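All remarks here apply to the structure that follows.
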Amino acid sequence: MIISPSIASSDVLHVADEVDFAGKYFDDIHIDIEDGIAVSGITFGMKMASAICKRAAKTTSLHLEVLRPLDYLDELAKIRPDIIFIQVDHLDNPEEVIDKFRKASLNVSVALTDRDINKNYDRMLSSFDQILMLTAEHDDPKQEYQEYLKNYGMYLAEKFNLKLWLDGGINHHIYHNLKDTNVYAAVMGRAIFSDKAEAIKLYSKQVKL
């Protein structure tokens, strides 16, 4: 299982240094794009996302948490992250949005939340090879990890033969419990950037030094 540090939890006054740190010790850099409407937070714009992708030494994953994903399509087609996960819990026709991203030759999938549980996404999910499952509830201000969301993600991953990314409240204890599962990637923010020296020590056997 790879670790993908979420750059939104880093020291935003020293983003270049934080990107270099993530690229040195971990396999991927995760970029959250939030507009303050689809979700309550606001993170980076396209200029910052572009700068992060250009500087990144490893792959980049981007989570698009915005009301109107298609408004970002042209810029993302220039930036070209390695994979884009589009949050779809508020979209009337997510397949139509996904199709337009694919027509731009972008590697795209979906990010699912607790609001997506039991929605009929079978046809859409069968067309992907990866999926991002949010393991904290959409409206939880503390963004605490929820086991039932991990379990739902694992159910979908097995059903549709998907590489499963998990994102939300993953700390060292939770990561340790996930290591022997079929989870492909753990997105971790505060657990990495709150104490980088400790993170290196904790994950030194998992990361590429």
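Condition test on Asn120, is it open to solvent by 70 Å² or more (accessible area, probe 1.4 Å), polar (S, T, N, Q) and either under 22 Å from Asn93 (Cβ atoms) or outside any helix (DSSP H, G or I) (or both)?
Values: open to solvent by 70 Å² or more (accessible area, probe 1.4 Å): yes; polar (S, T, N, Q): yes; either under 22 Å from Asn93 (Cβ atoms) or outside any helix (DSSP H, G or I) (or both): yes.
For Asn120, the condition - open to solvent by 70 Å² or more (accessible area, probe 1.4 Å), polar (S, T, N, Q) and either under 22 Å from Asn93 (Cβ atoms) or outside any helix (DSSP H, G or I) (or both) - is met.
How many residues, within segment 96-117, are farther than 18 Å from Ala38 by Cβ and either touching a residue at least 60 places away in the same chain (Cβ under 8 Å) or in a helix (DSSP H, G or I) (or both)?
Count: 3.
Select from segment 162-183 the residues that are open to solvent by 80 Å² or more (accessible area, probe 1.4 Å) and touching a residue at least 12 places away in the same chain (Cβ under 8 Å) and write down the one among them that is farthest from Gly41 (Cα to Cα).
We begin by selecting, within segment 162-183, every residue open to solvent by 80 Å² or more (accessible area, probe 1.4 Å); these are 163, 173, 176-177, 180, 182.
Next, from what is left, pick out any that are touching a residue at least 12 places away in the same chain (Cβ under 8 Å): 163, 182.
Values: Lys163: 27, Asn182: 30 Å.
Taking the candidates together, the pick is Asn182.
What number of residues in segment 132-159 are open to solvent by less than 60 Å² (accessible area, probe 1.4 Å) and either of a type in the set (Gly, Ala, Ser) or closer than 22 Å to Ser9 by Cβ (or both)? Walk me through how you get there before you give the answer.
Taking segment 132-159 as the starting set, the residues that turn out to be open to solvent by less than 60 Å² (accessible area, probe 1.4 Å) are 132-136, 138, 140, 145-146, 149-150, 152-154, 156-157.
Then keep just the ones that are either of a type in the set (Gly, Ala, Ser) or closer than 22 Å to Ser9 by Cβ (or both); that gives 132-136, 138, 140, 145-146, 149-150, 153, 157.
So the count comes out to 13.
Please tell me if Ser127 is closer than 23 Å to Asn151 by Cα, over 18 Å from the mean Cα position of the chain (by Cα) and assigned to a loop (DSSP other than H, G, I, E, B). Before you say what the answer is, go through the steps one by one.
Values: closer than 23 Å to Asn151 by Cα: yes; over 18 Å from the mean Cα position of the chain (by Cα): yes; assigned to a loop (DSSP other than H, G, I, E, B): yes.
So Ser127 passes the test.
So if I check each of Leu70, Leu62, which one is without any contact (Cβ under 8 Å) to a residue 60 or more places away in the chain and open to solvent by less than 10 Å² (accessible area, probe 1.4 Å)? Explain how you work it out, then say what you get.
Working: Leu70 fails: open to solvent by less than 10 Å² (accessible area, probe 1.4 Å).
Going through Leu70, Leu62 in turn, the sole match is Leu62.
Does segment 28-58 hold any residues that are free of Cβ contacts under 8 Å to residues at least 40 places away in the same chain, buried (at least 19 other Cβ atoms within 10 Å of the Cβ) and in a loop (DSSP other than H, G, I, E, B), and which are they?
The answer is Thr43, Phe44, Ala56.
Restricting attention to segment 88-119, report how many residues are within 22 Å of Gln146 (Cα to Cα) and out of contact with any Phe, Trp or Tyr (no Cβ under 7 Å at 6 or more places or on another chain).
Number of matching residues: 10.
The values are calculated or read from the model by the stated rules, or taken from the named source; none is laboratory data. As the structure is a computational prediction, the values presented were derived from the model and not from experiment. Positions of Cβ are backbone-derived with ideal geometry, glycine not excepted, and every protein chain shown enters the neighbour counts. Accessible surface is based on the protein model in full, side chains and every heavy atom, while ligands, DNA and RNA are left aside. Shrake-Rupley method; radii C 1.70, N 1.55, O 1.52, S 1.80 Å.
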